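First up is the structure itself, then whatever we jot down about it.
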Amino acid sequence: MHGLRAGMVALMLVAMLAPARLAWSHPHVWIDAVVEAWFVKGAVTEFRVTWTFDDFFSAMAIDDFDENRNRTLEDAELQKLASVSEETLAASGYFIHVVIDGTALVVEAVRDFTAAVTDKGLLRYTFTVVLPDPVDPSRRALSVALYDDNYYVDVALNKMDPVRLKGEMPLACTFAAAEDRDHSFYLGMLHPMRVRIQCIRA
């Protein structure tokens, strides 16, 4: 019985990717997201992403992957959940949309995908998107947005701490978030928040 139940989260992840639901779907999973832009010698080399899931999806995932039924996810169980999720989400590009100089980056794989459970019992994923080449935001346009254009999953940037700039960056670096009306979805009714990384060199 548990073997069948353990597939529920995987099936739910697959359902996130089905394109035929556009006119009828609404969020079934909610994610609170934080993005870190990491700089090396003044250029962004990667985005580190943290997702924290809603309590319902978290409880379902913990229950489905709790193989020894001790009401917690141990390391091996977390690794299995991370492996299933990473493989499934690859088809969606991990809901991350990076644009460099007007060209969308195709995200086919990520690094360091991990699953954990917070002190409040919420499921948390972390992963890293490595850029193909370092991008200097003082010379090139760089932006990132997180969204599921099927709208099965609501991916929202954290209201208090949405974006962090880390590493070896120029002093005059900041970010600006605004609706991206060029990439509307859900029959044009929703507009993702796109974050632009900006730097000024003296």
| request: Please indicate, with yes or no, whether at least one residue in the range 86-96 is exposed (fewer than 14 other Cβ atoms within 10 Å of the Cβ) and modelled with pLDDT under 95. | output: yes
| task | Scan the range 134-147 and report the pairs whose first residue is of a type in the set (V, I, T) and whose second residue is part of a loop (DSSP other than H, G, I, E, B), with Cβ atoms within less than 6 Å and a gap of 6+ or a chain change. | result | none
| request: With the condition kept exactly as written, say whether any residue in the range 134-152 is in contact with a Cys (Cβ under 7 Å, 6 or more places away or on another chain) and either crowded, with 18+ Cβ neighbours inside 10 Å or of a type in the set (S, T, N, Q) (or both). | output: yes
| request: Can you tell me which residue within the range 58-79, out of those that are assigned to a helix (DSSP H, G or I) and in contact with a strand residue (DSSP E or B) (Cβ under 8 Å, 6 or more places away or on another chain), is surrounded by the most Cβ atoms within 10 Å (Cβ to Cβ)? | output: A61
| task | Being charged (D, E, K, R) and more than 13 Å from T50 (Cα to Cα) is the filter here, so list the residues in the range 100-121 that pass it. | result | D101, E108, D119, K120
| note | Of the listed residues (H183, H191), the one being farther than 15 Å from L105 by Cβ and surrounded by 14 or more Cβ atoms within 10 Å (Cβ to Cβ) is H191
| From V144, V129, V117, V135, which residue is β-branched (V, I, T) and more than 23 Å from K41 (Cβ to Cβ)? | V117
| Of all residues in the range 150-175, which are of a type in the set (S, T, N, Q) and within 23 Å of S85 (Cβ to Cβ)? | N150, N158
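The values are calculated or read from the model by the stated rules, or taken from the named source; none is laboratory data. Predicted, not measured: the structure shown is a model, and the values here were computed from it. All Cβ positions, even for glycine, are placed from backbone atoms using ideal geometry, and neighbour counts span all protein chains on display.
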